[in-house]
Amino acid sequence: MAAAETSKRIEEAQKLAKSEPTKAEQIYKEVLSTDPGSNESAIKNYETALVGLGELYRDQKRVDALAELVRQARSVLSSFAKAKTAKLGEWFTRDRSRVEVVWTV
């Protein structure tokens, strides 16, 4: 999937997150199923989809799904720059009062 097309799919998922969360989840998972490699646009899309799916799980209080998302994303996150990985790690841990997930990388 091209970066521009992926961006449109992510925008669609963001719009559907409240009204059709199952559809949004499906779109986010579709985006996350493709390794972004080293393409900066693809990495940005992956990051956006990861955070979007994480927020969806957080809002639905699906702690186990969020924890599994973190575990699955580790291998891809290890190829990101350390600053980007730290940013995503901070996102996952800053709301732990609402969703108790331990970030262990």
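Only counting other Cβ atoms within 10 Å, I'd like Arg71, Arg58 sorted with the fewest neighbours first.
Going from sparsest to densest Cβ surroundings: Arg71, Arg58.
If we count every other residue with Cβ under 13 angstrom of Ala2's Cβ, Lys/Arg +1 and Asp/Glu -1, where does the sum land?
Net of charged neighbours comes to +1.
Between Val51 and Glu12, what is the label-to-label distance in nm when each label sits 7 Å out along the Cα-to-Cβ direction?
Label-label distance for Val51 and Glu12, simple model: 2.2 nm.
Using 0.36 nm per residue of separation minus the Cα-Cα distance, give me the extension gain between Glu30 and Glu68 in nm, one decimal.
Extending this stretch completely gives an extra 12.1 nm.
In nm, to one decimal, how far is the modelled label at Ala4 from the one at Ser38, with both set 7 Å along Cα→Cβ?
2.5
If we count other beta carbons within 10 Å of each Cβ, what is the order of Thr48, Thr22, fewest first?
Thr22, Thr48
Coordinate-derived values only; no laboratory data. Fair warning: this is a prediction, and the values are worked out from it, not measured in the lab. Using ideal geometry, Cβ is built from the backbone for each residue, glycine included, and neighbour counts are taken over all protein chains shown.
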